[in-house]
Amino acid sequence: MLTNLLHPLLLLRVVAALVVAVLVLVGARVAWQVLLRWQISRASEGQLYLERRAELVATLVQGALVMTIAGLALTVLAADRLAPSIRGAMCAYGVFGSTPTGFFALGTSAASAAACALWVVLHRLDLRLATPALTRRKFLALLFVVPLVLTDLVAQLRFVLDLDFTVVASCCSTSLDGTVAAVERAAPAGARDLASGVALAAALGAVLAALFTRWRPIAAAAYAAGALSLVAAVAAVPAVLWVVAPYAYESPHHLCPFCLLRADAGGLGWPLFASLFTGTLLGVALALVESQKRASGASAEAAAMQRGLARWAAAAWLLALVLAAAPVVRYLVLSGGVSLFGAHG
Amino acid sequence: MKRQLALIGYALGALSRRRGRSAAVTAGLALVVGLFGSVLFLGDALRAEVEAGARYLPDLSVQRLVAGRPALVPTDVVGAVRGIPGVRSVNARVWGYLYVPPISANITILGATGREATLHAAMVAGRSLRAGERGACVLGAALAEAIGVEPGDEVSLSSDVGGSDATVHWLRIVGVFHDASALRTADVLITSDADARNLLGVDAGLATDLAVSLTTPDEARVASEKIALLVAGARIVDKQLLRRTYALTLDGRGGLLSAMLLPALAALLLLAWDRLTGLSEAERREIGVLKAIGWEVSEVLTARLWESLLVALGGATLGVLGAYAYVFLAQAPGLAGALYGWSALYPPLRLTPQVDAAQALALIVGVALPFVAVGLVPAWRAATLDPDHALRGGA
Amino acid sequence: MSIEKESPAPTAAPAIDARGLTKRYEDGVRRREVVSDVSVVVPQGALWVLRGPSGSGKTTLLGLLGAMVTPTRGEVIVCGEPLSRLRDHHRTRARRRLVGFVFQELALVPGMTLTENVLLPLVPEGGATNAQRAHAAALLERFGLTAFADTRIERLSGGERQRGAVARALVLSPPVLLLDEPTAHLDAARVLEVVAMLAALRDEGRTIVATTHDPRLADSASVDRVLDLADGKLVEN
């Protein structure tokens, strides 16, 4: 319903997606012009003109990056705050689940933030180089960001318009509405242990690989950091769902990761998800820079950049691990070492 | 980091060199942020008030309708309702409104059910009722003030039965509630079940409604269905539903107000665009100087964006403080009516300050970031000026 | 590459090696060639003067030599650094280190104090270090400006501003100093001071190129060489 746009948070979310789309589209248009006219070897006024247009593109995309991050936070926040207004939704999970596009919109939000961030990494790498060896690639890459942010805009619009705020029957009498219980399936112990084990191992591996990259930026370490970050990010979803959330709520059947965003869980979800997202992005960024090392023709510059990124990647993953472990450790200390899930938990 | 700090220092200097304009733009931004912020703050404060109120509501209240009008509920169904799986407790409540001529107002009479102990902590003076205590009452602070009584005094209330059966009841005041939330306790008088029945003319065997508490609120739907089968003409109020209705109404009204404010935002952004695009001669020269002495395009650009961002943050902070003062110190004159029309029934409402990350983020994304975004292209234009052109143009 | 170096060590490379510099301005249908095919090699530690009537392209050529103006054709190599071949931001950074520029209109920022102006080139590098502050203070003292360190630019006299502009051009200790019409509007005594100052800076090993149409500067004995410019072309002398 169009009136859904009257909700301030939803309106802002759509506006943010719109601003991102406009910024990236304008940037892509300029990038396209640059691609058509770029000549690497000549240092002429035309070249200068193009370099300055390139600076414009980068400025616009960096602006878009800030907006996508804000937009991602807004998506989650809006869903969290709207829970009381949606039939059967106890937290953001229910809100996302209440429309077919909900989780998709969350995914596109994260994807466009990630795409803009990785593009900025590529841009920063390009700026470090003495020759514009990566400039063409950089602008070509931007053309792939465009469909992503457009998809996000459409997804946000669909999500916002699909939300059903209608209250059946008059305001005060019951509508006998269906209650969608959040996620009430308890995880099988095996899957739970596997997911948390993989997430823990991969995250630790990502930290080590990042630290190794910082020490010696070799290809294997950088690619390992990227791959382990991705694995850890994927495994983190069930691990948070099945382990961190139940421990945070001290109830083996409370499996909702979105409830971690709420004040009664100390808002743990915000820093936890932020550090997971940042760690994943920086890990992938290490691999991205590695993949461009040869093309850049200046591996020393690329390595210097990797050293900088690696430090933050390791820090983000460490923070994520500490935050994820905090509720588990707290529970185990309070319970004297007894697992929340019984003897074999 | 050090570089950014140095650029921020430069940006601050640049803003103070053009302080008239900086102040004007900051003020404009503060105004818009203040308007949006007021709507958000007020909406959230009211929502919090509703949430706080809902905490005291039963999970389900069972009322009865006869011919579409509220009727009393026979208490003989209590046992059957209590037997429904998932129902933790059932209280047959007696409550209603009583007109008190000396203060020309209706007050809410509530028969004690033994669950008022929660109010004990909120006692301003005196104590709460003892179980089954006759001829005594506790009342809300606003009501106590209106009648001009304090614990130890007695109030006389004329029963609502009418005609020759009307009798005068004397109730001794044993306690006064705190009115932290005026919504809940302001006009309430709690007395024993028997006294309430006498005052309101509710016969034994009947109740105003049934307050049902559930073991898990999620089972409200199932329990409602079963209760509806037991009580003829039942009208069942679900607490969750009530909360949702309030939230939706407040959201909708707040959204409408926000939408009406959008032109103000658009005007501000247009103004900002205009100001930022049209570089003054002095600015053009200054940027020429920076370029000439070896500032890179990105450095000039960053410095310009810091200027925008500092103005945006300054304006947003001022706007938020202004909105806070307007809503919570001044109680939102003018705006309040638009958001809570229905509360005219209630005595004046002291809003409890509610500010959280969502509001801050919303204001930053909604107003401050677009303001900076509008400055991106003009900043780039300025930063790519040729140093010799900029300098000669100003010579 | 030695872009990041504090101050390039003197090498055999000339301070400025300009090859076939041409600058053409186009606006609409009009096209004007301000500098035509100028090649010049300035050795290190020299004080040269570019002389020519106004409109002869002196200022543009100076801008080209200092990589401030992008050539339409040709290239310029400063202290071995092929500035015109670098990407825009790399060139700017290299220029900041290698070339100090003093503009005819001085290009100081009004509203800032003299010290703030002198330290302005250091802002993008994270602000002045203590050593750099001391260096700036020493420059102000050298040019007799210590008393005006905290004075706003608009309160300074023309001569004070000019020396302030030179101090700013030297704050990053560049090996090359370029000045546009440094003696314009100065009386005879001041002109002698400026010439003495330039000679002293040259004697410290800096390479200095100044444009002028003022014979008091061009004919000074301290000047190592005078290049004559007419209609954007070098005139043999």
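The values are calculated or read from the model by the stated rules, or taken from the named source; none is laboratory data. Fair warning: this is a prediction, and the values are worked out from it, not measured in the lab. Cβ sites come from the backbone with ideal geometry, for glycine too, and all protein chains shown count toward neighbours. Heads up: the accessible areas ignore ligands, DNA and RNA and are worked out on the full protein's heavy atoms, side chains in. Shrake-Rupley method; radii C 1.70, N 1.55, O 1.52, S 1.80 Å.
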**Asked** Only one of (1) more than 9 Å from chain B (Cβ to nearest Cβ); (2) more than 20 Å from the chain's Cα centre (by Cα); (3) in a loop (DSSP other than H, G, I, E, B) is not met by C:Gly111, so which one is it?
**Response** (1)
**Fill in**
Among residues of the range C:114-141 being without any contact (Cβ under 8 Å) to a residue 12 or more places away in the chain and surrounded by fewer than 17 Cβ atoms within 10 Å (Cβ to Cβ), the residue farthest from the other protein chains (Cβ to nearest Cβ) is C:Glu141
**Fill in**
Scanning the range C:146-169 for residues that are touching a residue at least 12 places away in the same chain (Cβ under 8 Å), away from every other protein chain (no Cβ under 14 Å) and in a helix (DSSP H, G or I) gives C:Phe148, C:Gly158, C:Gly159, C:Glu160, C:Gln162, C:Arg163
**Asked** Limited to the range C:32-73, what total is found for residues that are closer than 19 Å to A:Gln47 by Cβ, modelled with pLDDT of 90 or more and part of a strand (DSSP E or B)?
**Response** 1
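Take the residues of the range B:107-126 that are of a type outside the set (Gly, Ala, Ser) and at pLDDT 80 or above: which is farthest from B:Asp195 (Cα to Cα)? Quick ask: steps written out before the conclusion?
Taking the range B:107-126 first, the residues of a type outside the set (Gly, Ala, Ser) are B:107-110, B:113, B:115-116, B:118-120, B:123-124.
If we keep only those that are at pLDDT 80 or above as well, we get B:107-110.
Working: B:Ile107: 15, B:Thr108: 13, B:Ile109: 10, B:Leu110: 10 Å.
Step by step, filter the range B:107-126, then rank; the result is B:Ile107.
Residues to consider are B:Leu31, B:Leu5, B:Leu57, B:Leu12; find the one that is open to solvent by 30 Å² or more (accessible area, probe 1.4 Å) and in a loop (DSSP other than H, G, I, E, B). Walk me through it before giving the result.
Numbers: B:Leu31 fails: in a loop (DSSP other than H, G, I, E, B); B:Leu5 fails: in a loop (DSSP other than H, G, I, E, B); B:Leu12 fails: in a loop (DSSP other than H, G, I, E, B).
Step by step, each of B:Leu31, B:Leu5, B:Leu57, B:Leu12 is checked, and only B:Leu57 is open to solvent by 30 Å² or more (accessible area, probe 1.4 Å) and in a loop (DSSP other than H, G, I, E, B).
One line per residue, one yes/no per condition, for (1) within 26 Å of B:Ser192 (Cα to Cα); (2) modelled with pLDDT under 85:
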residue	(1), (2)
B:Ile8	no, no
B:Ala30	no, no
B:Gly43	no, yes
B:Tyr56	yes, yes
B:Gly79	yes, no
B:Arg82	yes, no
**Residue tally, condition out of contact with any Leu (no Cβ under 8 Å at 6 or more places or on another chain), away from chain A (no Cβ under 14 Å) and not hydrophobic (A, V, I, L, M, F, W, C), over the range C:35-94** = 9
**Message:** Suppose the filter is open to solvent by less than 40 Å² (accessible area, probe 1.4 Å), of a type outside the set (Lys, Arg), under 18 Å from A:Trp215 (Cα atoms) and assigned by TED's automatic domain parsing to the domain that holds A:Leu204; does A:Gln306 pass it?
**Reply:** yes
**Asked** How many residues does the range B:135-174 contain that are at pLDDT 85 or above and open to solvent by 70 Å² or more (accessible area, probe 1.4 Å)?
**Response** 3
**Request:** Could you identify the single residue in A:Ala222, A:Ala181, A:Ala202, A:Ala186 that is surrounded by fewer than 21 Cβ atoms within 10 Å (Cβ to Cβ) and either at pLDDT 90 or above or within 14 Å of chain B (Cβ to nearest Cβ) (or both)?
**Result:** A:Ala181
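Determine which member of the set A:Leu161, A:Leu134 is within 30 Å of A:Val26 (Cα to Cα), modelled with pLDDT under 90 and open to solvent by 40 Å² or more (accessible area, probe 1.4 Å). Working first, answer last.
On the way: A:Leu134 fails: open to solvent by 40 Å² or more (accessible area, probe 1.4 Å).
One residue alone meets the criteria, A:Leu161.
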**Prompt:** Is there a residue in the range C:161-171 that is at positive phi and modelled with pLDDT under 90?
**Reply:** no
**Message:** Just to be sure before I move on: is A:Pro257 crowded, with 20+ Cβ neighbours inside 10 Å, closer than 22 Å to A:Ser335 by Cα, not acidic (Asp, Glu) and not assigned by TED's automatic domain parsing to the domain that holds A:Leu106 in the structure I sent?
**Reply:** no
**Item:** Options C:Phe103, C:Phe148: the member that is open to solvent by 10 Å² or more (accessible area, probe 1.4 Å), of a type in the set (Phe, Trp, Tyr) and at pLDDT below 90
**Value:** C:Phe103
**In the range B:357-391, the residues that are surrounded by 15 or more Cβ atoms within 10 Å (Cβ to Cβ) and either of a type in the set (Ser, Thr, Tyr) or at pLDDT below 70 (or both)** = B:Thr384, B:Ala390, B:Leu391
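Here is a yes/no grid of residues against (1) closer than 30 Å to B:Arg304 by Cβ; (2) under 27 Å from the mean Cα position of the chain (by Cα):
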{"site": "B:Met1", "(1), (2)": "yes, no"}
{"site": "B:Leu7", "(1), (2)": "yes, no"}
{"site": "B:Leu15", "(1), (2)": "yes, no"}
{"site": "B:Arg19", "(1), (2)": "yes, no"}
{"site": "B:Phe36", "(1), (2)": "yes, yes"}
{"site": "B:Glu51", "(1), (2)": "no, yes"}
{"site": "B:Ala54", "(1), (2)": "no, yes"}
{"site": "B:Ala71", "(1), (2)": "no, no"}
{"site": "B:Val77", "(1), (2)": "no, no"}
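With the condition being closer than 16 Å to C:Phe143 by Cβ, of a type outside the set (Ser, Thr, Tyr) and open to solvent by less than 30 Å² (accessible area, probe 1.4 Å), I'd like the strands (runs of 3 or more DSSP E) fully within the range C:170-237 carrying at least 1 qualifying residues. Step through it out loud before you land on a result.
Details: elements: C:176-180, C:207-212, C:225-230, C:233-235.
The qualifying strands (runs of 3 or more DSSP E) are C:176-180, C:207-212.
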**Item:** Those helices (runs of 4 or more DSSP H) lying entirely in the range A:1-115 with at least 1 residues without any contact (Cβ under 8 Å) to a residue 60 or more places away in the chain, buried (at least 22 other Cβ atoms within 10 Å of the Cβ) and within 12 Å of chain B (Cβ to nearest Cβ)
**Value:** A:8-37, A:45-82
